[in-house]
């Protein structure tokens, strides 16, 4: 399992806590499919073109903050959760899954403990 799958990404609109063992692209694809939407329909609703949405879902590209905001509004989910998931994935992409990255995350976690939410 990747580091991504070990983090809790917050509450969904249902209020239930979710521990997502998937990357953001797969998560976004699952949201779209749960609503039986096509990429074209989602593109119209979010003003993000279909090829870009496809790249996001396949993990070829990571979403920008603007794209995350539009997707969060469309799916009525927490922007905080999406941004946290995206940030975690960026860290793994940039630094890899290794002991150094894990140690760095632990250090950051300690420094940011005052911001911890339940």
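Any read-out appearing in this document is the output of simple, stated calculations on the displayed coordinates, not a laboratory observation. Predicted model, so just to flag it, every value in this text is computed and none were measured. Cβ placement follows ideal geometry from the backbone for every residue including glycine, while neighbour counts extend to all protein chains displayed.
Fewest to most neighbouring Cβ within 10 Å: what's the order for 55, 114? Working shown, then result.
On the way: 55 15, 114 5.
Fewest to most other Cβ atoms nearby, the residues stand as 114, 55.
Spacing of the modelled spin labels on residue 47 and residue 116, each 7 Å from Cα toward Cβ, amounts to 4.0 nm. The overall shape of segment 20-91 is rounded: from the C-alpha gyration tensor, with semi-axes ordered a ≥ b ≥ c, the ratio a/c is less than 1.5.
Residue order for 39, 28, fewest other beta carbons within 10 angstrom first, comes to 39, 28. With both labels modelled 7 Å from their Cα along Cα-to-Cβ, the residue 36 to residue 61 distance reads 3.0 nm.
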